[in-house]
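Note sheet for the following structure.
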Amino acid sequence: MTTYKRSACAVLMRPRDGPESYELYIVRRSASLAFLGGYQVFPGGTVDPIDSQVTVKGMDTDLDMAAAAVRELFEETGVLCVPGAEHLSQETLTDMRAGLLETSEGWGAFLEKHGLTIDGSEFTHLGRWVTPPYTPTRYDAIYLA
């Protein structure tokens with residue numbers, strides 16, 4: 001039986017030059033990584049146990065995966081896609097991001113401390129992807145925009 005690591009990715013999009021033209025934000029994985037090192041990907045990563053303790057409203061399923069997508073986006077890019085985050089100082093965001101890069105344990109507490117809740121209704125579910133059998137690690141990932 002194949003074991004899959006649960007993961008989530010955030011797809012940042014913004015309109016560009018017309019109603020049906022968009023820019024997508026991608027990152028390049030470190031070339032030293034065993035899994036798809038050097039590839040360009042949407043920000044994301046593995047669901048951590050702490051993600052299941054984060055409040056996510058406006059969704060019925062995969063709440064921990066949504067929390068992971070938001071956390072990973074923030075860790076990898078500094079973009080915090082949570083209503084109310086725009087009121088936080090850059091210093092607060094920088095400090096929290098640095099803390100998350102050391103350990104994700106403070107993720108839920110940080111959101112609570114600042115009165116922030118992830119709103120799943122603000123995301124569009126783009127789909128689910130399971131990595132193919134030839135990859136060294138198998139992932140079951142959702143993509144949220």
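A compact table of results
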read-out	value
Residues being modelled with pLDDT of 90 or more and over 17 Å from residue 71 (Cα atoms) - total across region 1-21	2
Region 108-122, subset open to solvent by 30 Å² or more (accessible area, probe 1.4 Å) and of a type in the set (Asp, Glu), residue nearest to the chain's Cα centre (by Cα)	122
Some residue of region 71-79 being open to solvent by less than 40 Å² (accessible area, probe 1.4 Å), of a type in the set (Ser, Thr, Tyr) and closer than 17 Å to residue 104 by Cα	yes
Spans of helices (runs of 4 or more DSSP H) in region 36-145 with at least 1 residues closer than 16 Å to residue 9 by Cα and hydroxyl-bearing (Ser, Thr, Tyr)	63-77
Enumeration of residues in region 83-107 that are over 23 Å from residue 42 (Cα atoms) and open to solvent by less than 50 Å² (accessible area, probe 1.4 Å)	84, 88, 92, 106
Pair list, Cβ < 9 Å and 6+ apart or interchain, from region 30-57 residues that are open to solvent by 80 Å² or more (accessible area, probe 1.4 Å) to residues that are of a type in the set (Val, Ile, Thr) and at pLDDT below 95	34/137; 40/26; 40/27
Given (1) open to solvent by 40 Å² or more (accessible area, probe 1.4 Å); (2) touching a helix residue (DSSP H, G or I) at 6+ places or on another chain (Cβ under 9 Å), index of the condition residue 9 fails	(1)
Residue pairs meeting the criteria (Cβ under 6 Å; at least 6 apart or on separate chains; first among the basic types (Lys, Arg), in region 107-132; second open to solvent by less than 30 Å² (accessible area, probe 1.4 Å))	128/142
Number of the condition not met by residue 40 [criteria: (1) at negative phi; (2) at pLDDT 90 or above; (3) over 18 Å from the mean Cα position of the chain (by Cα); (4) not acidic (Asp, Glu)]	(3)
Search result, residues across region 1-29 that are polar (S, T, N, Q) and either in contact with an Asp or Glu (Cβ under 8 Å, 6 or more places away or on another chain) or without any contact (Cβ under 8 Å) to a residue 12 or more places away in the chain (or both)	7, 21
Some residue of region 84-96 being in contact (Cβ under 8 Å) with a residue 24 or more places away in the chain and in contact with a strand residue (DSSP E or B) (Cβ under 7 Å, 6 or more places away or on another chain)	no
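So that you can scan it fast, the table gives a plain yes or no per residue for (1) touching a helix residue (DSSP H, G or I) at 6+ places or on another chain (Cβ under 7 Å); (2) of a type outside the set (Lys, Arg); (3) over 26 Å from residue 1 (Cα atoms):
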{"residue": "32", "(1), (2), (3)": "no, yes, yes"}
{"residue": "36", "(1), (2), (3)": "no, yes, no"}
{"residue": "72", "(1), (2), (3)": "no, yes, yes"}
{"residue": "81", "(1), (2), (3)": "yes, yes, yes"}
{"residue": "108", "(1), (2), (3)": "yes, yes, yes"}
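The values are calculated or read from the model by the stated rules, or taken from the named source; none is laboratory data. Since the structure is predicted, the reported quantities are computational estimates derived from the model, not experimental observations. Counting neighbours? That spans all protein chains shown, and the Cβs are built from the backbone with ideal geometry, glycine included. Keep in mind that these areas ignore ligands, DNA and RNA; they rest on the heavy atoms of the full protein, side chains included. Shrake-Rupley method; radii C 1.70, N 1.55, O 1.52, S 1.80 Å.
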